[in-house]
Structure formats: structure tokens, C-alpha cells
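The values are calculated or read from the model by the stated rules, or taken from the named source; none is laboratory data. Predicted, not measured: the structure shown is a model, and the values here were computed from it. Note that each Cβ is placed from the backbone with ideal geometry, even for glycine, and that neighbours are counted across all protein chains shown. The area values use the complete protein model at the heavy-atom level, side chains included, leaving out ligands, DNA and RNA. Shrake-Rupley method; radii C 1.70, N 1.55, O 1.52, S 1.80 Å.
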Amino acid sequence: MGGHHAAAGAAAWVAVASTGPYTLGWYPLDATGIVIGGMTTAGTALVCDWDHRSSTIATSLPPLSNVLAVGIENASGGHRQGTHSILGAGCFVLLAAAVAQFQLATPWGVLSVGAGLLCMFMINIAAKALKLFPPSGWLVNWIFGLVMAALVTWYAPEQWTWLPTSMLIGVVVHIVGDLITTGGVPLLWPIVIKPPRLFRRVPLLRRIWRPNGALSLPLLGRAGSRREWLLLIPVSAYAMVGMLGAAWSVLRSVI
Ligand SMILES: [Zn+2]
């Protein structure tokens, strides 16, 4: 469920960004950083599903998003393969770290051009998954995406590390989310070891080590189950409180 991944991503960003400075000695983020990072992480929590050409993400910013989806699909071996593995997660984080290097120092401050471009996709897919847009409104998506790109370019935190951190949080949240719903993920891809026939007959083991070689911890049952919804209510509420609180501080500092 795309919206669930997005809400969990935003909640994880709020949690890490608000405790990181004190517990891990990270640089503190101001309210703008919480809002931009939260919106971005709602999107990076969906990036793993950009691996098939007919996904909502693939069709969000045509034709660019479609071309990228075909590329990711080919590189990662199809849906729920390479992008849902430790290797895939590492690649996404490296990519975000590389993109984040594109910064321009201007008399008005540092402009995060690379982050702006990546966030054009990330924030857009998050908004789409959270159903903030009318369906198939690609023109609206493009206008929204470009406005977000401009805001991130201008207001993003100057420390480039926030972007790969957001990507890491988002991708981990996504993979864990898929792991605890029945489908499972091939964590060690491209190494996929299928269980021996004997193991496939053991009821519990069969659900954890799937016949296709994927690993699953089906704590929440099927994707979209009642348990998933029950967990999502407090998680979404937490994300909303954190994001709205930060957005309110930003607004108050502007007016
Ligand atoms: Zn997935």
C-alpha cells in the first residue's frame, strides 16, 4: 500500500530528525528541514516500487518517470527484486549522496540544485500515493513537482548529508514494510536461494522462507490487513503532528 509506506517514511524522518541531534550528535535541523525532509522521506519510502513500468510512480511525471522506471526494472530484474534488497538499498543511498553534491554557492546562500531535482520526483510520488491529487492529472503533477523542486533548491538544509539520510530511512522503512506483509523480499539479491523441497512442506517455515527464495516475517498478515491499518493510525498521527508542528513554526517565522 503506497500511502502506508509514505506515512511510515514521514514518521520515521520526524523521529530520527528530532532525536538524532541529541542522541547521535547530528547537526540539528530547523523546522524547514523537518518539513522538507519529511515530505522527501514520504517519497523515498516509495522509491523501491519504481521497479515496474505500470506502477503509479512510473506514470507520475511522464515521460521522464516512465523512462526511469524501465531503466530500474531492467537493472533490478523486475518487480520486488533488486530494489528490495540490501544491495539495492545501498545503490539508492549512493545515488542520493552523489546527487546531493550538486550545490551552488550564491551570494544568497547555498542552492541545493541536485536535491531539488531528486525531490521533484520524491515529493510528487508521495503526494500521489497519499492521494492529494486527482488521478491521472499529469499536468498538475508536473506543476506541483516543479514548485517543490524550486522550494527544496532554495530552502533545503545546507548540509548535503540530509538527502542520503532521507533515502536510507525511506528505503529501510519500505523494505521492512514489505518484509512484515506476506509477500516477502529477496534481501540478499542477486543471491536468491530457494528452499529445499523438504522445507517447503513445513508450515511456519514455508511462510518465512518463501518458495521463490524471498524472506518474509508476516507479522501484519496480508498487505492491507486490519492489523496494518491499526498500526498505521498512530504512525500517521505521529507524522502529521510532527510535520504540522514544524510547518507551523516555519509559517510563524515568515509572517
Ligand atoms: Zn515494495
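For region 154-168, list residues with backbone N below 16 Å from a point placed 7 Å from the Cα of L95 toward its Cβ? Those under the cut-off are 163-168. Ranked by the mean number of other Cβ atoms within 10 Å of their residues, highest first, the peptides 3-15, 203-215, 139-151 come out as 3-15, 139-151, 203-215. For the chain, the carbon plus sulfur part of the accessible surface works out to 73%, probe radius 1.4 Å. Put a dot 7 Å past the Cα of Q159, heading toward its Cβ, do the same for V140, and the two dots end up 3.7 nm apart. Overall size of the chain from C-alpha positions, given as principal axis extents largest first: 67, 37, 37 Å.
Peptides 41-50, 160-169, 244-253, 92-101 ranked from most to least packed by the mean count of surrounding Cβ atoms within 10 Å: 41-50, 160-169, 92-101, 244-253. Answer rounded, prolate or oblate for region 48-179, using the Cα gyration tensor with square roots of eigenvalues a ≥ b ≥ c: rounded when a/c is under 1.5, else prolate when a/b is larger than b/c, else oblate. Taking the square roots of the gyration eigenvalues as a ≥ b ≥ c, region 48-179 is oblate.
Per residue, region 197-255 exposes an accessible area of 77 Å² to a 1.4 Å probe, with every protein chain left in place.
Put a dot 7 Å past the Cα of I86, heading toward its Cβ, do the same for T56, and the two dots end up 3.1 nm apart.
Multiplying the residue separation of L117 and W248 by 0.36 nm and subtracting their alpha-carbon distance yields 44.6 nm. Based on Cα contacts under 8 Å between residues 6+ apart, region 27-108 shows a relative contact order of 21 percent. Protection proxy ranking of 65-72, 189-196, by the mean of other Cβ atoms within 10 Å over each peptide's residues and highest first, is 65-72, 189-196. Relative to the dominant Cα principal axis of the chain, helix 86-100 is inclined by about 10°. Against the chain, whose longest principal axis is taken from its Cα atoms, helix 2-23 shows a tilt of about 60°.
Accessible area per residue for region 1-120 is 43 Å², calculated with a 1.4 Å probe on protein heavy atoms, without ligands, DNA or RNA.
Ordered by 1.4 Å accessible area with all protein chains kept, T23, T106 run largest first as T23, T106. The heavy atoms of Y238 offer some 110 square angstrom of accessible surface to a 1.4 angstrom probe. Exposure check, 1.4 Å probe, all protein chains in place: L132 carries approximately 120 Å² of accessible surface.
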